[in-house]
1. When you go through (1) surrounded by 23 or more Cβ atoms within 10 Å (Cβ to Cβ); (2) in contact with a Phe, Trp or Tyr (Cβ under 8 Å, 6 or more places away or on another chain) one by one for B:Thr377, which number turns out not to apply?
2. Of the residues that sit in the range A:30-80 and are among the aliphatic types (A, V, I, L, M) and surrounded by fewer than 20 Cβ atoms within 10 Å (Cβ to Cβ), which one is farthest from the other protein chains (Cβ to nearest Cβ)?
3. Can you confirm whether the range A:127-138 contains a residue that is facing another protein chain (nearest Cβ under 10 Å), surrounded by 20 or more Cβ atoms within 10 Å (Cβ to Cβ) and not hydroxyl-bearing (Ser, Thr, Tyr)?
4. Looking at (1) more than 28 Å from A:His137 (Cα to Cα); (2) within 9 Å of chain C (Cβ to nearest Cβ), which one does A:Ala107 not meet, given that it meets all the others?
5. Just one of C:Asn139, C:Asn211 is on the phi > 0 side of the Ramachandran plot and either assigned to a helix (DSSP H, G or I) or not aliphatic (A, V, I, L, M) (or both); which is it?
6. Which condition number does C:Thr92 fail, the rest of (1) more than 16 Å from A:Lys100 (Cβ to Cβ); (2) facing chain A (nearest Cβ under 10 Å) being met?
Amino acid sequence: MAEITMLEGIRQALFEEMDRDPAVVALGEDIGVFGGAFKVTEGLLARFGPERVIDTPISETAIVGAACGMSYLGLRPVAEMQFIDFIACCFNQVTNFLAKSHYRWGAPVPLVLRGPSGGSVHGGPFHSANPEMYFVHTPGLKVVYPSTAYDAKGLLKSAIRDNNPVLFFEHKFLYRRIKEEIPSGDYTVPIGKAVIRRQGNDLTIISYAAAAHTSLEAAEQLGREGIDAEVMDLRTLLPLDRESILASLKKTNKLLIVHEDTRTGGIAGEIAAIVCEGAFEDLDGPILRVTALDTPVPYSPPLEHRFLPNAEKIVAAARALAKY
Amino acid sequence: MAVDVVMPQMGESIFEGTITKWLKKPGDKIERDEPLFEISTDKVDAEIPSPAAGVLKEVKVNEGQTVPVQTVVATIEAGGAAAQTAPSPAKQAPAPVPAQAKAEPPPSSASAPAARMPSPPPGAAAEQAHARAASGEKIRSSPLVRRIAREHNIDLAQVPGTGAGGRVSKRDILEAVEGTTARPTQTPAPPVGGAIPFRAPTGPSPLPPGGAAQSTAAFETAVPREKLYFGHYEVQPMSVMRQKIAEHMVLSKRVSPHVYSVDEVDLTGIAALRAKTKEKFEQAAGTKLTFMPFFVRAAVEALRAFPTVNASVDGTNVVLHKEANIGIAVALDWGLIVPVIKNAEEKNFLGTARAINDLAERARAKKLKPEEVAESTFSITNPGVFGGLFGLPIINQPNVAILGLGTIEKRPVVIDDAIAIRSMVYLTLSYDHRVVDGATAHQFMGRLKHSLENWSESIL
Amino acid sequence: MNRPLTREQHFDLYYYMQLNRQLEERMVRLFRQNKIVGGLYSSLGQEGISIGSAYALEPRDWLAPMIRNIGALLVKGFKPRDIFTQHMAKYTSPTFGKDGTSHFGDLKVRHTVSPISMLGDLIPVMTGVAMAGRYLGQNIVTLTWIGDGGSSTGAFHEGLNLAATQRAPFILILENNQWAYSTPVSRQVPLKNLAGRALAYGITGKTVDGNDVLAVYRATKDAVEQCRAGRGPVLIEAKTMRMKGHAQHDPAEYVPQAMFAHWKARDPITRYEAYLTENKLWDETKKAEIDARIERELDEDQKFAEESPLPPAELAEQGVYCEGCHEIKADWHRPKSEVTPPKSSVEPTWTVESFGGVEAEIPGAKEVALSDNGAQASPAVEAEPRAKPAQQKTDGAGERLRVPFGRGPKDKEFVKEKSFARTRHHKRGKR
């Protein structure tokens, strides 16, 4: 067992999959000789060569389009967005070509679109995005957003092996900040399954990515105050693990949703609707949410701190909910 | 036949009580009205007499446990001629029937929990709930609670609500279902992932549990809680009474703008009178002669002259009370309580003295009745008895003024350009400037001072 | 260069063009009978381009049609009934009614990629198909079309730029039919001859008469061979005219009548019929035979389509994801070991052949003379790619200056070190 960062977990997944299956290729800006802006793909070119590790021009539409074409011939491309923010440049390809291909004419698109996302790194409005909901809103895609090294590696493998286009979000704040021991050997984590990070009875906190860690921090504080919070990490946003969400709510009867995405149109609203539809009579309190502000991501640290959810905000909301 | 013993309702806004001591154990014989157990509630601690004669069969709620009002705490096997049909719990509960008959409870005093919404008393909950159900109003409850009630065929109207705003909480309904605090059967929890959970960063030293139960201003901290815990310390959870006091004080200060008027009064005359007649008084009256009845009598006169000081505030209405119910703050070993001399304006000196002593004694013996700690219109407190020149007391809501008595001591004073040694005392009037202006306050004090310095009433 | 066409092949070209036209005429009638669901687009007058270019491909090659390339689908082996049912939203259509018009394809047999409605996106996609085909050793060529209007999109630029930098075996036929909906080409692009855009990508650009099916065929055949030889991609501008409106709902009153007349005189089918007659490649009987066959096939397929049911409503909920319904397997035509370690391993450094600057010449670049009616081919413009990763560890490659990443030519230390690259690689590996 080795202790690795989340970034290393992603790299290992790429290495191992490319070793296992020569149909897996990688393309993106600066991923080859340079090893990627965050060094995720370092070493891939040396091992697998330029036919499989392709340095592209700055053309998100072309990168994603070419990956789509490759997947029609049975390859399994892993395309990188240097910052996931730039996925906006190829929104058309993702939502109109990739997402609709199998539904319309039965042509599966087994590719992975991956990139660093999220804030807390003083990145400002164009390097800190959490654009996941544009794609959660698009049927035909899968959207994965791990929060641990173990999950990142296992989920990326699952994404590569999946026959559908998978958007794989990597929270850049977590890249090197979290370490974990992972087992050696091949393992996958299933797409579409949430996981309980902390068992509890008084209320459920649902979260994902960096906010999952913040939620755990808050749960520790709440535990000391006698409030026993259950913390669930979604891991996959599309398809959403309805069963786990409803099961946890039926156990604790109170729900707080935390995400770093902006408030309006964030997945908290979707989860709240699912719970109202599927477990209304198990609700013992209003569904609360702690999210980022409805603004672009600001740049200066005090502004960004105010923008982002933090343990304090989560604890305050959880206290109010527990008392209801 | 078995007779239920229930937790009585000790006041309009009291929802629960804590059993502090069982005076009998199962198997013991008990007479009707014999003290059976002691309780502590928000407002008053009390000894509860047995509702029936017989043998104590079963104790259902143990010492230290807090249960909602009307909970069956024990059963008595009633037997023999002394046994009568068990009186209804409502009759046994000291809560006076008039309180239930009131259509609407008065606006909750500041000492009620959940400051945001006035909570109807659960003792009257059944009646009120029936009225509510009849009028079609939904009983406050969450979807979960309604489902559980439905599944177990429980009429929510019968379940006392202790949640926020008087709603029936999950705990309430579960207790109604099982009489315990068991949780519903759990659906299997989602599987804990094979992932190794993230190790949370080490945080500050663990904090004792906070007062999560009540959501009132009293329990705010001005600094982050972690900063309170450093070095060596012992954590003492607040008693119910202490919590109530804390709440009351914060709210009183918040609601009433306090202004203080201090005056110095020459008690030499009264002191001399007291010294002279003390023995005779105590023999004849059968009760001690303190300074307090003098102050109370003087206050009553002053209140008669300045009715604004004998009032309450309701929004933009000033409620002028016709009776003068004087609250006397009594220091207890375990806290503070303010028993009330009702209709003090009808009592003479002797009656006042008797009332004061009786209330104080019974306060210390935990034998006060709930109505004896309610409905004051003016209060007097005596910090001076413990030392200190004078105090700046907090108004006892919903009064608009409180009189604080300082230490009575001999001091040199100037009279007619000569120095004399007199028994002096500082009196403070804390008053609510929403309705009592400085002029009134000072005039009131002046009147008080005049009465005390020119004592005319016969005390025997 | 090209083998001359056989007689049968000549007949094929006529057959497909006429089939294309007759098929579309019938669809116009069906549209007016309210049997077509949604819009109807026409390739009237442009049949030569679709058929001529598609016919130049081998079965293993891939193509992706745009809205006016139904003829190409017929060449690829789709049947008229596929086109009818697609337009009539029937359950028997290749997409089961999930999508309409030419929005369908076939990955397994006919190697056709379905378009989307947004323009230009097929270019990067077919570039990707070409790159994958090369990677798998399939020796394929991919082809798609774009209009003069579509050439204004960012996807066109990004796609062609990628194809060019990757030297993908990809052919782009730019159908300049003079109109993009109601916008004339002069308003759409700043060039008279869109083949000139090839210069921007350093690739071959050719202009052909789109209404001359043989010219289109030959130009495409040349391009195919060029691509198979690894010298792609190729941009072919085929000049033509859109003889109807943008779609059935557009009467195209903005087009001057004289323009329609000019191009009607240059109708591709009429011209080709004349060519076949003049060169005695056929006679009246043969023409009648082919025409009758076309009628028969269309009658049969139209009947089939009209009698087909609409899809069941539940179908709307199905097919969002592929969860095991397809087995995705690449078709390898080269040993996998070539692209797995150790054979795939390289030195992760750049070989930079030029340091740039104004004195560097682009080999072969000339001022491109763009003639008026575009009838002549422009000179081929080719360029070698600027940089590629070093292929082998051997560095007996003489004087070629190797600049490892992060070090510049002014680095005196570097200049001294001969085996710098290898050392640096080791250091990086140790991190």
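A short reminder: the numbers here are calculations on the coordinates, not readings from a lab. For clarity, every value in this text was computed on a predicted model and none was experimentally measured. With ideal geometry, Cβ positions are generated from the backbone for all residues, glycine too; neighbour counts draw on all protein chains shown.
1. Only one criterion is unmet by B:Thr377, namely (2).
2. A:Ala37
3. No.
4. (1)
5. C:Asn139
6. Every condition holds for C:Thr92 apart from (2).
Here is a yes/no grid of residues against (1) assigned to a loop (DSSP other than H, G, I, E, B); (2) surrounded by 14 or more Cβ atoms within 10 Å (Cβ to Cβ):
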{"position": "B:Glu234", "(1), (2)": "yes, no"}
{"position": "B:His248", "(1), (2)": "no, yes"}
{"position": "B:Tyr260", "(1), (2)": "no, yes"}
{"position": "B:Ala271", "(1), (2)": "no, yes"}
{"position": "B:Glu279", "(1), (2)": "no, no"}
{"position": "B:Glu282", "(1), (2)": "no, no"}
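Results for (1) closer than 21 Å to C:Arg266 by Cβ; (2) touching a residue at least 24 places away in the same chain (Cβ under 8 Å); (3) outside any loop (DSSP other than H, G, I, E, B), shown as yes or no for each residue.
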position: C:Arg3; (1), (2), (3): no, no, no
position: C:Glu25; (1), (2), (3): yes, no, yes
position: C:Val28; (1), (2), (3): no, yes, yes
position: C:Asn34; (1), (2), (3): no, no, no
position: C:Gly38; (1), (2), (3): no, yes, no
position: C:Gly48; (1), (2), (3): yes, yes, yes
position: C:Ile51; (1), (2), (3): yes, yes, yes
